[in-house]
Amino acid sequence: MTILAADGHGYNFTVTSDEFELTKSTTLYFQGGSDNQWVDYLYIYKTADYNETKTISAAGYATYCSENALDFTNVEGLTAYVAKVTGSDVTFEAVTKVPAQTGVLLKGAEGEYQIPVVADGGEATSALVGVLEDTQVAAGSFVLMNGAQGVGFYKTASEFTVGANTAYLPAQTTGTARSFIGFDGESSTGISAVENAVLSTEVYDLQGRRVAQPTKGLYIMNGKKTVLR
């Protein structure tokens, strides 16, 4: 790991450290030769490969959003899609790279996948809104579920909490009364709509207790077990 920094007098300096891991909560300490030294800014360059792990369930689909730019080019068995909205049409286009904080739809067999982090994710954009932490979204938003109509984006009838590092389609995405966005069996990038699949506001856990703000997990919805992702 190489750290390039600059002090308050315009002088740059470079420090190469032993290998270590940085997380969101990592604290870096700088030790100088006098009490009046300070650092204006620093750049941290990754000098080794780094992957993020994403698990796909038996449903075969998941949404994802990372704080890093990602490269799906050589991730065997996994395809990433960004969402595009044109009028009332929603399509999903396969991509190989995405910038940081871009919401994507992932398709693959059940299992864990290692997704490389890269410095440059290109300029792909997506109608899917990615979130990095648990986030309450407005009623009418579309969230990915395995429900009564199969795997797809279901329109919520009330405010809804989506999990960290996932993505959703905002309310009024298509400008129509559509309540379900599914994936055609013949094409993973196709879209089909079902107008009468409004998500019930009543959500229960497996013990039969009503859940006001469900997050990711297994619930009872419309009388059926439903996996929220």
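May I ask you to derive the FRET efficiency for Arg210 and Ala171 from their Cβ-Cβ distance with R0 = 30 Å, giving the value to the nearest 0.05? Write down the numbers at each step before the final one.
On the way: r = 23 Å, r/R0 = 0.78.
After rounding, the FRET efficiency stands at 0.80.
Multiplying the sequence separation of Ala138 and Ala58 by 0.36 nm and subtracting their Cα-Cα distance, what value in nm do you get?
Numbers: separation 80, 0.36 × 80 = 28.80 nm, distance 2.80 nm.
Going from the current span to full extension adds 26.0 nm.
The 1.4 Å probe gives accessible areas that order Lys107, Lys155, largest first, as Lys107, Lys155.
Taking all protein chains together and a probe of 1.4 Å, list Arg178, Arg209 from the most accessible to the least accessible.
Working: Arg178 30, Arg209 140 Å².
Final ranking, largest accessible area leading: Arg209, Arg178.
Relative protection proxy for 50-59, 83-92, 120-129, 97-106, from highest mean packing down: 97-106, 120-129, 83-92, 50-59 (other beta-carbon atoms within 10 angstrom).
The values are calculated or read from the model by the stated rules, or taken from the named source; none is laboratory data. As the structure is a computational prediction, the values presented were derived from the model and not from experiment. Glycine gets a Cβ as well: all are built from the backbone with ideal geometry, and neighbour counts include every protein chain shown. Ligands, DNA and RNA are stripped out before the accessible areas are found, and what is left, the full protein with its side chains, is counted by its heavy atoms. Shrake-Rupley method; radii C 1.70, N 1.55, O 1.52, S 1.80 Å.
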